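Report on one structure; see the data block that follows.
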Amino acid sequence: STGDILRANIKNETELGLKVKDILASGGYVTDEITNEIVKNRLDEKDAANGFLLDGYPRTAGQVVALEEMLAAKGQALDAALELTVDGEELVQRLLKRAEVENRPDDTEDVIRHRLDVYEEQTAPVVGVYEDRGIVVRVDGLGSIDEVTERIMAALPR
């Protein structure tokens, strides 16, 4: 998860963490340049050699291109692009609960709603790119973690 990597950097007050702290707190997206570098570094780790799942990436058209270049350099390509479908209001409530449980100061209602707007503007078109390639796998994201995980595992190509 790119978000988890960024939050770890914020917590550890790394140079990267200091750069992105205010961006995440406002609900904005970290620049493609920074995010692409994080993903490239992560994909270069041993445990990603035989497969990986990216959570929250790519989110923009520029990130799609960067990911394609990273994978092409390794002779790889994406098998699937997973889209979890969840009603917007349900999503807001879940994220507010997450903020409470995980003490996430970046999950205020205003920030969450802003993220949903940014998603529609910047990320929804990415789904269209992968739809055109025939690799989108949609999974109902409502239910318990175990239920959704089961649906994901059943839906993804092996």
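The values are calculated or read from the model by the stated rules, or taken from the named source; none is laboratory data. Given the structure is predicted, the values throughout are model-derived calculations rather than measurements. Note: ideal-geometry Cβ built from the backbone for every residue, glycine included; neighbour counts use all protein chains shown. These accessible areas exclude ligands, DNA and RNA; they are computed on the full protein's heavy atoms, side chains included. Shrake-Rupley method; radii C 1.70, N 1.55, O 1.52, S 1.80 Å.
Being under 22 Å from GLU109 (Cα atoms), small (Gly, Ala, Ser) and not in a helix (DSSP H, G or I) holds for only one residue in GLY51, GLY75, GLY56, and it is GLY56.
Each row is one residue, and each column tells you yes or no for (1) open to solvent by 30 Å² or more (accessible area, probe 1.4 Å); (2) among the β-branched types (Val, Ile, Thr); (3) in contact with a Phe, Trp or Tyr (Cβ under 8 Å, 6 or more places away or on another chain).
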| site | (1), (2), (3) |
| --- | --- |
| ASP4 | yes, no, no |
| ALA8 | yes, no, no |
| ASN12 | yes, no, no |
| GLU15 | yes, no, no |
| LEU18 | yes, no, no |
| SER26 | yes, no, no |
| TYR29 | yes, no, no |
| ILE38 | no, yes, no |
| ALA48 | no, no, no |
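A single member of LYS40, LYS21 is more than 24 Å from GLN76 (Cα to Cα) and assigned to a helix (DSSP H, G or I), and it is LYS21.
Please return the ranges of helices (runs of 4 or more DSSP H) entirely within segment 100-157 where 1 or more residues are under 24 Å from ALA8 (Cβ atoms) and out of contact with any Leu (no Cβ under 9 Å at 6 or more places or on another chain). If you could, list the steps in order and put the result at the bottom.
Working: elements: 109-118, 124-132, 145-155.
The qualifying helices (runs of 4 or more DSSP H) are 109-118, 145-155.
Within segment 60-91, the set of residues being more than 20 Å from GLY134 (Cα to Cα) and not β-branched (Val, Ile, Thr) comprises MET70, ALA73, LYS74, ASP87, GLY88, GLU89, GLU90, LEU91.
For segment 97-112, what are the residues that are on the phi < 0 side of the Ramachandran plot and either modelled with pLDDT under 90 or surrounded by 15 or more Cβ atoms within 10 Å (Cβ to Cβ) (or both)?
To start, the set of residues in segment 97-112 that are on the phi < 0 side of the Ramachandran plot comprises 97-102, 104-112.
Correct list: ALA99, ARG104, PRO105, ASP106, ASP107, THR108, VAL111, ILE112.
Of all residues in segment 66-96, which are of a type in the set (A, V, I, L, M), under 29 Å from ASP117 (Cβ atoms) and open to solvent by 70 Å² or more (accessible area, probe 1.4 Å)? Working first, answer last.
Here is the first cut: in segment 66-96, the ones of a type in the set (A, V, I, L, M) are 66-67, 70-73, 77-78, 80-82, 84, 86, 91-92, 95-96.
From what is left, the residues that are under 29 Å from ASP117 (Cβ atoms) are 66-67, 70, 78, 80-82, 84, 86, 91-92, 95-96.
Matches in segment 66-96: LEU84 only.
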